[in-house]
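Student: First the structure, which I've put down as structure tokens, then a few questions once you've had a look.
The values are calculated or read from the model by the stated rules, or taken from the named source; none is laboratory data. The model shown is predicted, which means the values in this text are computed figures rather than measured ones. Cβ placement follows ideal geometry from the backbone for every residue including glycine, while neighbour counts extend to all protein chains displayed. Protein only, heavy atoms only, side chains kept; ligands, DNA and RNA dropped before computing areas. Shrake-Rupley method; radii C 1.70, N 1.55, O 1.52, S 1.80 Å.
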Amino acid sequence: MSKTVVIAGAGHGAGQVVAALKQHEFDGRIVMIGDEPYLPYQRPPLSKKYLAGDMAPERLYFKPESFYDDPQIEVLLNTRVTSIDRSAHTVSTDGGREIAYDKLVLALGSRVREVPVAGADLPGIHYLRSIADVDAIRADMLSRKNAVIVGAGYIGLEVAAVCCQHGLSVTVIELADRVMSRVVSPNVSDYYQLQHTERGVKLLLSTGLAGFEGKRRVRKVLTNTGQELPADFVVVGVGILPNTELAEAAGLECDDGIVVDDRCQTADPDIFAIGDCTSHPNAIYGRQLRLESVHNALEQAKTAAGNICGVESHYSQVPWFWSDQFDIKLQIAGLSEGYDEVVLRGDPSGGSFACFYLADGVLIAVDAINSPREFMQSKTLIASGARPDPGKLADPEIPLKDLG
Ligand code: FAD
């Protein structure tokens with residue numbers, strides 16, 4: 001077993017690496033280094049319950065503080081890893097420390113994609129990645145009236161829903177011609193567009209951002225269609241970029257993510273990478289993937305920790321995601337990219353339905369809307385490469401578990 005495991009990053013995945021090393025009774029030293037001021041915490045509630053004020057800050061944390069209160073564990077917060085010296089087996093920090101590792105886990109996550117337009121640095125323009133970001137958004141949400149959201153992906157729509165429920169006037173602008181276009185099919189987009197507009201959210205589709213205006217803080221959002229939208233504050237949610245720079249500078253292969261194998265190992269046998277920052281193989285889909293999901297970060301963390309502890313572990317998972325908007329729970333299993341057939345089960349007007357995606361007859365993904373059973377059972381079908389009969393798939397009377 002190795003003597004010192006250094007974890008660069010102290011987010012969701014990093015916390016799980018520590019937990020999994022403990023479960024494997026790793027008896028060496030663990031050093032977790034994070035550039036945020038917080039112990040590992042969950043980001044999903046940030047744009048949902050925490051923004052809404054329905055979750056206390058202490059419930060965000062992945063583990064209580066006492067979990068890290070262990071002579072085996074050293075946690076360095078507010079500390080950035082600035083470089084990796086692979087031949088010396090050390091990492092350097094911005095505090096001037098050099099820390100030796102036997103195994104290094106890169107759990108660096110991702111950062112928000114910024115919008116390079118005029119006025120982008122005006123106060124009142126927010127991005128959402130951290131607790132500090134959402135605290136600032138919430139302060140604006142509670143004291144102001146007009147919210148403009150840039151981007152109708154999960155995060156933008158979740159923020160729009162919470163702001164709308166707090167009585168604000170909410171406008172969402174989206175470059176694509178439908179919401180969540182990167183992840184769901186047109187009929188699911190239609191459903192969400194209806195739900196948002198019926199509740200008062202103004203959706204401007206096929207509309208790009210041209211700039212921001214204001215003197216001391218943002219007052220207007222300018223669109224590429226010539227509109228000037230009044231804005232007391234803005235939340236931009238236009239995607240993320242994986243944090244690969246540290247790995248690239250250390251000569252590790254990066255291709256839209258730090259490239260790892262199914263053991264979460266880079267080409268350097270002493271360096272692993274997990275979570276949002278990785279590009280990893282997925283046997284079910286037969287290609288490299290980069291995922292932005294808690295499930296992926298947690299499972300890769302367990303895989304890396306297992307391999308570090310000499311327990312041969314391979315990552316092979318059906319990706320899954322979720323989004324809460326108003327009282328609607330969307331659960332997605334699998335990846336729908338490349339589908340050639342869509343099958344609907346249930347009636348969208350009833351508020352509960354599932355949308356299945358097939359490619360060459362194989363079930364590759366499901367979007368389950370307020371349908372947890374369809375979501376759970378589809379995961380098993382997708383993992384097994386099932387070829388369900390589309391007619392039976394569409395029939396809510398036939399249990400999905402009979403279609404494997
Ligand atoms: P992170 O949790 O981002 O942790 C990485 C950490 O490393 C960060 O703290 C970062 O600051 C730090 N770091 C980076 N570089 C350095 C360095 N050089 N030195 C030290 N520290 C460094 N996923 C879902 O599955 N479902 C959801 O509903 C969902 N909702 C989300 C809502 C929001 C608002 C956000 C922001 C994300 C959401 N996600 C959701 C995505 C999910 O949170 C991420 O996939 C997950 O956090 C990834 O974990 P990670 O450990 O890879 O990265």
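Student: Pick from K215, K103, K329: which is most flexible by mean-square fluctuation in a GNM of the chain where alpha carbon atoms under 10 Å apart are linked?
Tutor: Greatest mean-square fluctuation among the candidates belongs to K215.
Student: Could you name the aspartates and glutamates in cross-link range of K329, using Cα to Cα under 20 Å and dropping any fewer than eight places away on the same chain?
Tutor: D54, E158, D190, E198, E292, D347, D367, E374
Student: For the stretch 1-121, count the residues as N, evaluate 2.2 N^0.38 Å, and divide the Cα radius of gyration by that value, please.
Tutor: So the Cα radius of gyration is 1.20 times the expected 2.2 N^0.38 Å.
Student: Something else now. Using +1 on the beta carbon of Lys and Arg, -1 on that of Asp and Glu, and nothing else charged, what's the dipole of the chain about the Cα centre, debye to 20?
Tutor: Value, rounded to 20: 980 debye.
Student: Compute, for the stretch 241-323, the length of the dipole vector about the Cα centre, with Cβ point charges of +1 (Lys, Arg) and -1 (Asp, Glu) only. Units Debye, rounded to 20.
Tutor: 320 debye
Student: So for the pair A267, K215, with labels modelled 7 Å out along Cα→Cβ, what separation do we get in nm?
Tutor: 5.7 nm
Student: Identify all lysines with a Cα-Cα distance to K3 below 26 Å; exclude those on the same chain that are fewer than 8 residues away in sequence.
Tutor: In chain and number order, the partners are K22, K63, K103, K302.
Student: In terms of the Cα gyration tensor, with a ≥ b ≥ c the square roots of its eigenvalues, is the stretch 174-286 rounded because a/c is under 1.5, prolate because a/b exceeds b/c, or oblate?
Tutor: Since a/c reaches 1.5 but b/c is at least a/b, the shape of the stretch 174-286 is classed as oblate.
Student: Which residue, chosen from H196, V159, S169, occupies the Cα position most advanced towards the positive end of the dipole of the stretch 109-225, where the dipole is computed from +1 (Lys, Arg) and -1 (Asp, Glu) charges on Cβ about the Cα centre?
Tutor: Most positive-ward Cα: S169.
Student: How much of the accessible area of the stretch 164-215, in percent, comes from carbon and sulfur atoms when a 1.4 Å probe is used?
Tutor: It is 47 percent, rounded to a whole number.
Student: Apply the a/c threshold of 1.5 to the C-alpha gyration tensor of the chain and tell me whether it is rounded, prolate or oblate.
Tutor: In terms of gyration-tensor shape, oblate.
Student: Could you work out the helix-only [θ] at 222 nm for the chain, with each DSSP H run of four or more residues adding -39,500 (n - 2.57) and the total divided by the number of residues, to the nearest 500 deg cm²/dmol?
Tutor: So the helix-based figure for the chain works out to -6500 deg cm²/dmol.
Student: Tell me whether the stretch 1-67 comes out rounded, prolate or oblate; compute the Cα gyration tensor, take square roots of the eigenvalues as a ≥ b ≥ c, and use a/c under 1.5 as the rounded threshold.
Tutor: Prolate.
Student: In Å², what does the accessible area per residue of the chain work out to with a 1.4 Å probe?
Tutor: Dividing the accessible area of the chain by its residue count gives 43 Å².
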